[in-house]
Amino acid sequence: MKIALGADHAGFPMKDTVRALIEGLGHEVVDCGTDSTDPVDFPDITEATCRPVIEGRADRAVLVCGTGQGAVMAANKLPGIRCGLAHEPYSAHQAVEHDDANAIAMGAWLVPHALIPDIVREFLDAVFDDDEDTRRRVAKLNALD
């Protein structure tokens, strides 16, 4: 898969770790910024990171900011994006399996660093549980747009 990866200045220190994990799992990274700890606005990075998914140039997006909260809020305002907050592996997996997420956000200040490999792997390995119940629930999510 192609994975869009973006981090604001708060998430930047964790970005290379996430990139290495994604690539180590055999996926291609589409780098969407930022490239330093100089302040940037998380909505701009979020939009730049989700845009390749919306346009079909990436399969999923991984966002890293200070808490993950701002990235989740910004991402879920973008049509075609369903983003979950993932500070542990179970949520990363379930966001895809039950909610058809195509993006996750992590908080560099909050996520336990020992869990980052499991979070990334679970998100990228997860598959939507395409059964009647999950399709119905996702359709209801889509209807909220």
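The values are calculated or read from the model by the stated rules, or taken from the named source; none is laboratory data. In this text, all values refer to a predicted model and were calculated from it rather than measured experimentally. Methodologically, a virtual Cβ is constructed for each residue, glycine included, from the backbone with ideal geometry; neighbour enumeration extends over all protein chains shown. These area figures cover heavy atoms from the full protein model, side chains too; ligands, DNA and RNA do not enter into them. Shrake-Rupley method; radii C 1.70, N 1.55, O 1.52, S 1.80 Å.
For the stretch 75-90, the count of residues that are within 15 Å of Gly6 (Cβ to Cβ) and of a type in the set (Val, Ile, Thr) is nonzero. For the stretch 31-46, the count of residues that are open to solvent by less than 30 Å² (accessible area, probe 1.4 Å) and over 18 Å from His9 (Cβ atoms) is zero.
Of the residues that make up the stretch 27-42, is at least one farther than 21 Å from Val127 by Cβ and part of a helix (DSSP H, G or I)? For the stretch 27-42, residues farther than 21 Å from Val127 by Cβ and part of a helix (DSSP H, G or I): present.
Yes/no per residue for (1) of a type in the set (A, V, I, L, M, F, W, C); (2) at pLDDT 95 or above; (3) touching a strand residue (DSSP E or B) at 6+ places or on another chain (Cβ under 7 Å):
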{"site": "Met1", "(1), (2), (3)": "yes, yes, yes"}
{"site": "Phe12", "(1), (2), (3)": "yes, yes, no"}
{"site": "Glu28", "(1), (2), (3)": "no, yes, yes"}
{"site": "Pro39", "(1), (2), (3)": "no, yes, no"}
{"site": "Ala75", "(1), (2), (3)": "yes, yes, yes"}
{"site": "Leu78", "(1), (2), (3)": "yes, yes, no"}
{"site": "Cys83", "(1), (2), (3)": "yes, yes, yes"}
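Looking only at the stretch 11-28, residues that are aromatic (Phe, Trp, Tyr) and open to solvent by less than 30 Å² (accessible area, probe 1.4 Å) come to 0 in all.
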